[in-house]
Each structure stands twice: as C-alpha cells, then as structure tokens.
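Data block below; observations after.
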Amino acid sequence: MARVVLLSKLLNPTSIHFSPVSINQEFILEILLESGLVSKAQLDVARGGGHGSGLIEHLVQAGILTEEDYMRALAAHASMEFVDVLALDVKADVLDELPKELAERFKVVPVARTEGGLVVAVSNPLDFDTFDSLSHLLGVTPEFVCGAPGAVREALFKWYGIGTDPSKPPSSNVYEEKASETDAGDAPIIRMVTSLLMEAYTMRASDIHLEPMEKVFRVRFRVDGVLQEMQSPPKRLQAAIISRLKIMSGTMSIAEKRLPQDGRIQVTVGNRQVDLRVSTVPTTHGESVVMRILDKSALQLGLPQLGFLSDDQAIFEKLIGFPDGILLVTGPTGSGKTTTLYACLNYINRPDKKLITVEDPVEYQMAGINQVQVNTEIGMTFPAALRSMLRQAPNIIMVGEIRDADTANIAINASLTGHLVFSTLHTNDAPGAVARLVDIGVQPFLVSSAVRAVVAQRLVRRICVKCKAPAELLPSDMRALGIDALQISSASVSRGAGCENCRNGGYKGRAGIFEFFVVDDEVRRMINERYTTTQLRKRAREMGMRTLREDGIRKVLSGMTTADEVISATMGDKE
C-alpha cells in the first residue's frame with residue numbers, strides 16, 4: 001500500500017478548530033497567489049474576462065491551474081497531508097469502518113486504519129462542519145487527509161457504488177462545492193471577528209454581547225458597566241460569525257446548536273495577551289454569545305486604583321495584613337468583588353507566603369499563586385478543594401465565593417487554625433454578611449471568632465481626566481445625597497464634557513465605593529447573642545463606619561465621580 005503520512009505528527013484532533021469553517025473564491029485566490037500557483041498578471045487577465053464567480057473554474061479550464069495543484073495548495077494552507085486516493089490499496093475491512101451512509105452524506109472515504117482510529121480522505125480541507133459532524137457520529141476524531149475532489153468521487157463510486165459514472169464530468173463546480181455557506185467567505189469573517197475583538201479591547205469593554213434578533217444580529221459592548229449598542233453585522237453572517245468564535249475556542253462544537261456551551265479564547269492584541277470566556281445559549285432566533293474579556297493587566301491594579309481614598313486604604317492594608325481570620329468582600333454580581341480580591345493577593349504575594357485559591361472559574365492566572373479550578377462533574381467542589389488545600393500548608397487562601405454551609409464552615413475552620421482567608425458573599429451591605437453566614441448554617445460563635453472584617457462595595461464610573469471640568473451640583477442631587485452648601489464650598493465637583501478619549505461619554509474607567517465593617521469585641525458579643533443586622537449596623541455606625549453612599553459623596557466632592565453615578569449605585573442605601 002502506498003505510504004500515508006498521518007496527521008498525528010502535523011495536526012492534533014483539536015487543532016483543526018483554529019482554521020476557517022468555509023472559504024469563498026477570493027480567499028482561495030489569495031492562497032493560490034501566496035503559493036505561486038497563479039501570478040497576479042494571470043489573475044488580472046482572468047478577472048478582465050468577466051468570469052465572475054467561475055474564476056477558479058476558468059483558471060483550470062485554461063490550463064493555468066490543475067485540480068491537483070489547487071488542492072495541494074489548499075491542503076498545505078490547512079496543514080493537511082495531500083494523498084493520491086486512488087493509488088492507495090484500501091482493504092475491505094477499512095471500508096467497513098465507515099458506514100456507506102456516512103461516506104455518501106459527507107463525500108469522504110476511509111483510506112487507512114491506525115492504532116487510535118481511522119484515516120479519512122476529504123475533498124475540502126477547510127470543511128470543518130464535516131470534520132466536527134463526522135467525529136461526533138463516529139464517536140472518535142479521525143485523522144483527516146486531503147484528496148482531489150475527482151479522486152474522492154471516483155473512490156466513492158468504485159468502493160461504495162455511490163454516485164454516477166466517474167468518467168462523466170460532475171454537474172457542479174467541484175472547486176467551490178460546500179466551500180461557502182454565506183455570501184461572504186471566511187477571510188472576511190475572520191477579519192470581521194478579529195476587528196470586533198480588537199475594537200472591544202480598545203474600548204476597554206468587559207463583555208461582548210452577540211444577540212440574534214428576528215431581523216438583526218445585535219452587537220453590544222459593556223463599557224464601564226454600561227451596555228453600548230454597536231454597528232450590527234448583516235444578519236446573514238450570524239451563523240458564520242458564531243461558528244468562527246466556536247472554532248477559535250478550540251473546545252466548542254460548531255455542529256451543536258441546541259445546547260449551551262462554554263469555552264475560552266486567547267488572542268493577542270498589540271503586545272498584550274487577552275483571554276475571553278465564551279458562553280453560548282440557544283435562543284429563538286439563533287445562538288446568543290457572550291464573551292467576558294479577561295485583561296491580565298487588571299491583575300496589576302494597586303489599592304489606589306481600586307478607588308480607595310488614603311484613609312480607607314490605610315484601613316484596608318491593615319485588614320489584609322492580619323495573620324489569620326476571614327475578610328469578606330460583599331456586593332451584587334458585577335460590583336468588582338473578584339477584582340478587589342485579586343488586588344489583595346497581588347499586594348500580599350511575596351516569596352515567603354504560600355497562596356492558594358479555589359475558584360469557579362479561574363478567571364486570571366497569577367504568577368506565584370497556586371490556583372485550583374472547581375469541577376463539580378468529577379467531585380471537585382468548593383468544599384472538596386478546600387479540604388485538599390489545607391493539606392498543602394498555605395498561609396493565605398482565597399475562596400471565590402462562599403455558597404453553602406460546607407464551604408463556609410471549612411473556610412471558617414481554616415481561619416481559626418492560623419490561615420488568612422479571603423472570600424466573597426452576595427449581600428447588600430457589610431453588616432448583612434453576618435446574618436447571611438448564620439442563615440446558611442454557620443454557628444454565630446464561629447462567625448464572631450473567625451470574621452475580622454467585611455467590606456461592601458459598588459462600582460461607579462470615573463470622570464474622564466482628559467475632559468474633566470468644574471461643575472455645580474443640582475439642588476435635587478444635593479437633596480438626594482444630603483449635601484449642604486458648606487460641603488460644596490470646599491469641594492471639587494466636576495463633570496466630563498466629553499472628548500475623543502472617552503468617546504464623548506464623559507466617563508472613563510471605574511472606581512469602587514466602600515463600606516467597612518470591622519468586628520471588635522463588642523460586635524463579637526452582639527453576634528454571639530444573635531443581634532439583628534440593624535443593631536449591628538447601628539453599632540458599626542457608632543464605631544465610625546461610613547455607608548456606601550457616604551463614601552460615594554466623598555468621591556463626588558473630590559471630583560472622582562458624579563452625583564448621578566453615586567445615586568444610581570446606592571439606591572438601596574437607607575441612610
């Protein structure tokens with residue numbers, strides 16, 4: 001049998017997912033020009049002949065290009081081995097490995113058997129719908145090689161009795177068979193997707209939302225917490241764009257459109273490496289895609305960049321300097337809790353400390369820190385991971401979120417045995433974290449013994465520094481915030497006029513507003529005696545705790561943000 005160079009040396013089973021799904025004529029011509037099979041002069045002459053969409057067919061008929069040369073160039077572009085299918089001595093037992101109905105459906109033929117499975121010859125090395133579908137139906141991923149379309153058709157007729165007499169010319173254009181599922185090919189699709197990701201990164205978007213509607217394919221970016229409508233691509237490109245993103249993830253199936261999928265994409269923008277967490281959900285009009293942009297530069301945030309004023313920063317540095325106990329960061333989803341925890345770890349990450357985190361998912365990979373990914377499917381839950389982590393003798397532990405009694409109790413026991421533990425909770429204010437822990441099943445005496453402090457936070461947009469200008473507070477804003485004329489007299493109230501730097505929005509970046517609830521001896525006694533959240537809050541106020549709104553007011557008066565932002569972020573602040 002003729003020698004077949006298997007793709008295992010060139011192409012692993014998942015690497016095909018990083019190439020285009022389909023191609024169009026212009027993309028093929030680019031490959032032919034790059035490979036030197038067609039010169040620019042020959043192409044210009046052919047274009048002048050008015051052949052339109054049949055340009056490649058004309059090049060073959062004119063003898064400028066052979067079918068085999070064309071397919072070899074296409075296969076080389078896909079890093080796929082090209083084989084002379086009809087020269088191979090394919091045994092009957094190999095043909096039995098691929099059912100006739102699948103060979104007919106996908107226009108492919110088996111050519112060899114390997115230790116791990118089957119080698120299958122295809123006539124379009126960029127038809128990844130076929131690759132994915134065939135792998136799914138066979139239950140294993142074959143190794144794919146490329147054969148000339150005419151040879152594959154003849155092999156189908158000769159070996160399976162499929163099709164018509166190979167001596168007759170095919171009725172369709174074999175060069176563009178299944179090559180384009182849309183009016184625009186993959187070269188434009190790839191450029192469009194790349195441009196979309198770069199624009200989102202340039203705008204500092206935290207999320208990209210691709211939402212299929214009945215007649216439009218809506219694109220929105222979340223910038224500084226606010227969704228902004230972007231120019232929508234044509235609805236007809238919806239499937240191609242979503243398929244391209246799935247391919248880039250390397251783990252998502254383009255054939256599966258009925259079930260939600262998750263994946264990750266890693267791209268390079270300029271000299272930065274950016275990770276995107278991808279989620280797809282089937283909707284009435286197609287798959288909705290949300291991509292969370294995880295910019296690793298966020299890991300380098302210092303405490304001042306979080307929005308702390310100098311006095312609060314001093315308190316926070318003292319809290320994260322404790323040798324043991326629990327520090328909780330609370331707030332709703334999207335309030336910046338994880339960013340604050342990462343900034344804490346970055347601040348205290350030193351060679352003499354061992355830090356371990358357990359997260360779901362691990363959003364950022366940090367140098368010098370052991371990070372554990374939760375995987376409930378194999379039993380790697382938060383409690384299981386925590387138990388294992390304690391045997392690793394860490395100094396500092398970060399738990400992504402306390403969700404249940406088991407996680408809470410293990411975290412508290414860890415803090416009581418000499419570990420400093422950071423974690424998050426979903427509560428509206430700082431004192432409410434105590435009631436939340438008790439509600440999920442932690443004994444009050446354990447809460448009072450372990451919890452050192454709770455920090456509640458929200459995010460507000462920063463005024464753009466490039467177009468920042470003095471402003472006056474409206475009387476309605478002053479009433480809403482409880483600000484009097486005396487406070488205004490020494491303030492630096494500002495607003496953003498709008499400029500190119502902030503895309504005329506007046507804001508650029510976000511900052512936190514914070515509420516510190518420090519547990520002292522009196523608070524411990526109150527927790528043990530099951531005092532209410534209202535009573536704990538009253539005690540915290542007596543100790544000097546500023547509410548979220550009060551901290552926001554300070555940042556309005558200092559010119560960091562605006563009254564509208566603080567009012568919007570602290571609607572639930574009763575004080």
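The values are calculated or read from the model by the stated rules, or taken from the named source; none is laboratory data. Since the model is a prediction, treat every value here as computed from it, not as a measurement. Counting neighbours? That spans all protein chains shown, and the Cβs are built from the backbone with ideal geometry, glycine included. These area figures cover heavy atoms from the full protein model, side chains too; ligands, DNA and RNA do not enter into them. Shrake-Rupley method; radii C 1.70, N 1.55, O 1.52, S 1.80 Å.
Given their separation in residues at 0.36 nm each and the Cα-Cα distance between them, ASP311 and THR333 gain 5.3 nm when the chain is fully extended. Using 0.36 nm per residue and subtracting the Cα-Cα separation, the extra length available between GLN231 and SER476 on full extension is 84.6 nm. Taking amide H as placed 1.01 Å from N in the peptide plane, LEU118 has its amide H under 5 Å from the amide H of GLU143, each at least 5 places away in sequence or on another chain. Computed from the Kirkwood radius of its Cα pairs, the Stokes-Einstein diffusion coefficient for region 446-487 at 20 °C and 1.002 mPa s stands at 146 µm²/s.
Its alpha carbons considered, region 423-546 gives a radius of gyration followed by a Dmax of 19.5, 57 Å.
Just order 306-318, 424-436, 76-88, 558-570 by mean Cβ neighbour count inside 10 Å, highest at the front, would you? Each step should come with its number before you reach the end.
Numbers: 306-318: 16.2, 424-436: 22.5, 76-88: 18.8, 558-570: 20.7.
Descending packing order for the listed peptides: 424-436, 558-570, 76-88, 306-318.
Separation of region 465-542 from region 299-332 is 17 Å, based on Cα centroids.
Computed from phi, the 3J(HN,Hα) profile of region 518-533 under the Karplus parametrisation 6.51, -1.76, 1.60 (θ = phi - 60°) reads 9, 8, 10, 4, 5, 5, 4, 4, 5, 5, 4, 8, 6, 5, 6, 4 Hz, with x in place of Gly and Pro. Here, region 511-564 has an Rg and a Dmax of 14.0, 43 Å when only alpha carbons are counted.
Relative to the longest principal axis of the Cα atoms of the chain, the long axis of helix 25-35 makes an angle of roughly 80 degrees.
Beyond 20 Å between alpha-carbons counts as too far, so tell me which of LYS107/LYS257; LYS466/LYS555; LYS100/LYS158; LYS318/LYS538; LYS466/LYS508 fall in that bin. Pairs exceeding 20 Å: LYS107/LYS257; LYS318/LYS538.
Distance between the pseudo-spin-label points of SER388 and ARG105 (7 Å out from Cα toward the beta carbon): 3.9 nm. The packing ranking, built from the mean of other Cβ atoms within 10 Å per residue, places the peptides 135-142, 221-228 in the order 221-228, 135-142, highest first. Surface composition of the chain: carbon and sulfur atoms hold 49% of the protein heavy-atom accessible area at a 1.4 Å probe.
Which one, LEU245, LEU134, LEU95, projects farthest toward the positive side of the charge dipole computed for the chain from Cβ point charges (K/R +1, D/E -1)? The listed residue farthest towards the positive side: LEU245.
Roll a 1.4 Å probe over the protein chains and send me the accessible area per residue for region 495-575 in Å². Walk me through the numbers on the way to the answer.
Values: 3990 Å² over 81 residues.
Per residue, region 495-575 has an accessible area of 49 Å².
When the charge dipole of the chain is built from unit charges on Cβ atoms (+1 for Lys and Arg, -1 for Asp and Glu) and taken about the Cα centre, the candidate among LEU74, SER123, ILE64 whose Cα reaches farthest toward its positive end is LEU74.
Let me spell out the model: positive unit charges on the Cβ of Lys and Arg, negative unit charges on the Cβ of Asp and Glu, origin at the Cα centre of region 49-160. What dipole size does that give, in debye rounded to 20?
Details: 8 positive and 18 negative charges, 36 e Å.
The dipole magnitude comes to about 180 debye.
Spin-label pair SER35-MET366: with each label point 7 Å from Cα along the Cα-Cβ axis, the two points sit 4.9 nm from one another. In the context of the full set of protein chains, residues of region 360-415 present 47 Å² of accessible surface per residue (probe radius 1.4 Å, heavy atoms only).
Here the 3J(HN,Hα) profile of region 408-415, calculated from phi with Karplus coefficients 6.51, -1.76 and 1.60 at θ = phi - 60°, is 4, 5, 5, 4, 5, 4, 5, 5 Hz, Gly and Pro shown as x.
Expected output is a single nm value to one decimal: the length gained when fully extending between THR194 and LEU137, i.e. 0.36 nm times separation in residues minus the C-alpha distance. What is it? Show your work: numbers first, answer last.
Values: separation 57, 0.36 × 57 = 20.52 nm, distance 3.13 nm.
So the chain would gain 17.4 nm between THR194 and LEU137.
If R₀ is 41 angstrom, what is the calculated FRET efficiency for the pair PHE322 and THR284, using the beta carbon separation as r and rounding to 0.05? Walk me through the numbers on the way to the answer.
Values: r = 52 Å, r/R0 = 1.26.
In this case the efficiency is close to 0.20.
Here, region 392-482 has an Rg and a Dmax of 19.3, 58 Å when only alpha carbons are counted. Its DSSP H runs of at least 4 residues, each contributing -39,500 (n - 2.57), put the calculated 222 nm mean residue ellipticity of the chain at -10000 deg cm²/dmol, to the nearest 500. Positive end of the dipole of region 338-411 (Cβ unit charges, origin at the Cα centre): among ASN375, THR339, PRO394, the Cα lying farthest that way belongs to PRO394.
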